[in-house]
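Asks: Have a look at the structure that comes next, please.
Derivation of every value follows stated rules applied to the coordinates shown; laboratory data play no part. Note that this is a predicted model, so its numbers are computed, not measured. Positions of Cβ are backbone-derived with ideal geometry, glycine not excepted, and every protein chain shown enters the neighbour counts.
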Amino acid sequence: MGELGRLRRNFGLFLVVLTWIHVPFIALVAWWIDRGIVAPTLLAILLALAMQVSWTLRGPAPVTRYVSAVALMGQPALLVYMFAGHPWQMDMHMYFFATLALVIGWCDWRPVVVAAVAVAAHHLMLNFVFPYAVFPLGADLPRVYLHASIVAFQTIVLVWLSQTLAASFRRIKTMSDEIVLANETLEQKVADRTREANAANIAKSLFLANMSHEIRTPMNAILGFSHLALRTGLLPKQADYVSKIKAASTALLTLINDILDFSKVEAGMLSLENTHFKIRETIENATAISAVKAAEKGVDVRINIDDNVPTTLLGDALRLNQIILNLVSNAVKFTDRGGVILTIRTQEKIDKKLTLEVSIRDTGIGMTPEQQQMLFRSFSQADNSMTRKFGGTGLGLAISKQLVELMGGTIRVESAAGAGSTFIFTVRMEEGDALMLAEAADVEKLRGIRVLIADDNPASREILHSVFESWSVQADLVASGTEAIALLEDAQARGVTYDLMLIDWKMPGMDGIESVEAMRNSETLTSLPTIMMVSAYAREEAMDSASEAGISAFLVKPVDTAILLAEVTQLVGRAAGQARADVAAVQAVPMVAPELRGSRILLVEDNEINREVAFEILSDGGLIVELAENGRIACEMVLDSSQTYDAVLMDVQMPEMDGIEATKRIRLTIAADRLPIIAMTAHAYEQERQNCLQAGMNDHVAKPVDPELLMRTLDRWVKPRRSEEAASPVAAEASAAPVAPVAIAVIDLPAELLPFDLETALVRVNGKKALLRKLIVTFATNYRGVIATLRSEIDAGAVDDARRLAHSLKGVSGSLELRKVAEASRQLEDALAHRELANIDELVDRLDLALRPALAAARTLLPAEDTPAIAPAASLDASARSEAARLLDELRQQLTKRSMRARKTFETLEATLKGTPEASHLAEIRDPISRLDFSNALANLDAIQEHFVEIRELEN
């Protein structure tokens, strides 16, 4: 619609409103001059209704314009008739001229002519047909002729003006169309020229990219065969030649990689990824490459990550790594003494979006202002002379600038000749999700597997199929158990195997349980995939039936994708994983360096299971371990002048006194360089690590403890003992075999025990199945009432106690690889720590739901309660009594020192007293020693020794 059309539409709407306004106006005038109200009002309504109907049906079409002209002229005609005999009657004729002029708003001469004809008809009809209605003395033709001449003149002027306005609008529209067409043509020309320029640029970059790829193939061959040649028996001169070939090829490959990245950016072929990653891990990987060169030059490379930088980020870690690697490599290259400091902080954060600021400061040669102006240009360097000292392609900073801009940031340099340089750049990222990072790692494990989904519900099939499709996992669909069997048989005939099958329970015909049984009884199917049942019906009944049928796992609809991923990751490849665990069990156990073996370690841990795990790892690692249940006891043991320790492993959250407070008290007396204290806690957050360091701790190890990482951390901090100390009884004690855990049953650990991930948990205990079985049984005993305890503590307002209990459960479940329990505990702990109690019952219920199957599985390992056979009591001979007395004294000393060797001594004592009356009293200390509760064990030992002395006196 043009401007003229919009004008006519708006004018038409105005006339519709105006005609309806005349209705109450006519009624008011009739009442005022004391004329009948009904007839004039009805005529006004009729005129307005005619205008309304025409507008509704035809809009601003010509017919509506004609109707409006008649309606507008009818209004003053009605007023002239109503004012007959009134002094104002002649004034009403002025309204004719006003309404006639109003018709020009249509910008059309035809409605003007229609209005003029209507005026003329009105006067002629009244003058000749009803002359006395207007003129009291009869017809007055001269006056009619005067009015007619005025109307005719006005009509001529209005017609001319209407045509002029319409012509002007048409002329404006023509000019507007011409301008739009000219702009479109100009834009097309500009677009064509730009496209041609971009095409030429892209063609150049594509050529560079293709050539780079073509060159890389023979270059890889040169490098590979050079490496292989150097491993053969070459003559010294030949080895020198081949080494130089390899070094030159490596330099050339670096140049090719720079050209490839540069051409990709220019060609628009470089796209950014969006993945979750750990910022510290990415930075350390980037700087590790330059650290070797820096160490050779004696240059120190340091990393400072501000507390306001999230641990996990969402963005392109590879490109961030590339930028930092380039800038740090340059800083090391141009620095001969001093150091390079890399600092990262959050410059701005809005919701989850943030801007990172990264600065790399060196103490190198610096740059002049002229050199700085050339920095970010392609193929240019600060030193372009033929005798330049430093090599390089001149592309690194140009590529870094392009990558920074691609990531929504900027880069700049601050430098002065001889005063070093500071490169500062920003990039835009988002706060990441550690769970998503872990999920991505789990999804990666599923690549390459083949899945079969059997479900009679089309919607359920499609939902599961879309989930696996999002994980890049191939999934085939069938609608019944019969179809599943047929597909498996066909796949086996073609040599295709399925790794996993998800089958519904309730299906028409053959249900899921019957289908699985038919598969197992089939003579055709020699091997079956791992089977998982999915159902929305009667969970307990389905679980029992599924377990009896040998189905590996059970999920309830609607399926939670996170739970499905965890279950599938755990199930797929379990047989291979079990084999890997068996291999790992016989491989070399992680140990500290030979010169550190025999070092005395104080382990401060309030949780029984965590103490057991850490003790086994440390003992296997060649260390002597003593225990403290909380920070208060640790302070007493460390500050005791008769005790010396080489390191302290300190839990953070403990009753009575936590690890932070204990460390602060120890540091008042013993400096960090004399006694390293290493935090060992389930909190892996950067803030927690900083809190530990500020309290005086030397380092931080996260739970669940990785044995290899723990040994390497101790290697870094424990100092070798002097020769005279190495010859002491402490060192001699280290040569003894590690203390074996107290055996609780002869039943071996099963191949699988869902929801425990036995494969990974075995790695944490150095492959010791008996120990892991004992820890699981202890878990079942210690945490069977944890939900009730949590609820009562929360209800009583003891939020801190509940938080510590949730923290303890999180650490234990992490060590035993109960991922769902650990995650539910973490969520509950976080809510309690932040006093977010609105949904606390839901979080406890979620933990209860995750914990129940774990406790049920752990209880299956409990030994049966057999009634011991009653044997006649035997008495001790003199030598046995003397040995028992010696063992009791030794046990007392070990319990006082909180030495884990107390368990071995107790086993020996129990064997010595077996079958004697004194043996029955050992039950009072058996359980405390098993739980490493040395305080209660020592208290009960007093009563046993007193009883032992009384019996000896009676016998004498």
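Asks: As a quick test, which of the pairs Lys244/Lys297; Lys349/Lys810; Lys278/Lys352 have an alpha carbon distance above 26 angstrom in this structure? Don't skip to the answer; put the middle values down first.
Replies: Values: Lys244/Lys297 22 Å; Lys349/Lys810 31 Å; Lys278/Lys352 16 Å.
Flagged as over cut-off: Lys349/Lys810.
Asks: Cβ under 15 Å from Asn521's Cβ, Asn521 left aside: what net charge do those residues give with Lys, Arg +1 and Asp, Glu -1?
Replies: With Lys, Arg at +1 and Asp, Glu at -1, the neighbours total -4.
Asks: Filter the cross-link list Lys664/Lys768; Lys769/Lys897; Lys768/Lys820 down to pairs whose alpha-carbon distance in this structure exceeds 26 Å.
Replies: Cα-Cα > 26 Å for Lys664/Lys768; Lys769/Lys897; rest within.
Asks: Can you tell me, using C-alpha contacts under 8 Å and at least 6 residues apart, the relative contact order of the stretch 758-859 as a whole percent?
Replies: Working: 82 pairs, mean separation 30.4, N = 102.
Over the stretch 758-859, the number comes to 30 percent.
Asks: Could you list His276, His807, His86 so that the one with the fewest beta carbons within 10 Å of its beta carbon is first and the one with the most is last?
Replies: His86, His276, His807
Asks: While we're looking at this one, here's another question. Amide H to amide H under 5 Å from Asp476: which residues, 5+ apart in sequence or cross-chain, H placed 1.01 Å off N in plane?
Replies: Val451, Leu452, Ile453
Asks: Which order, highest average first, do 668-681, 616-629 follow once you tally other Cβ atoms within 10 Å for each residue and take the mean per peptide?
Replies: Answer by packing, highest mean first, reads 616-629, 668-681.
Asks: If you don't mind, another one. I need to check one value: relative contact order of the stretch 275-432, counting alpha carbon pairs closer than 8 Å and at least 6 residues apart, in percent.
Replies: 25
Asks: Now for a separate question. I'd like the distance between the alpha-carbon centres of the stretch 299-323 and the stretch 775-792, rounded to an integer number of Å.
Replies: 41
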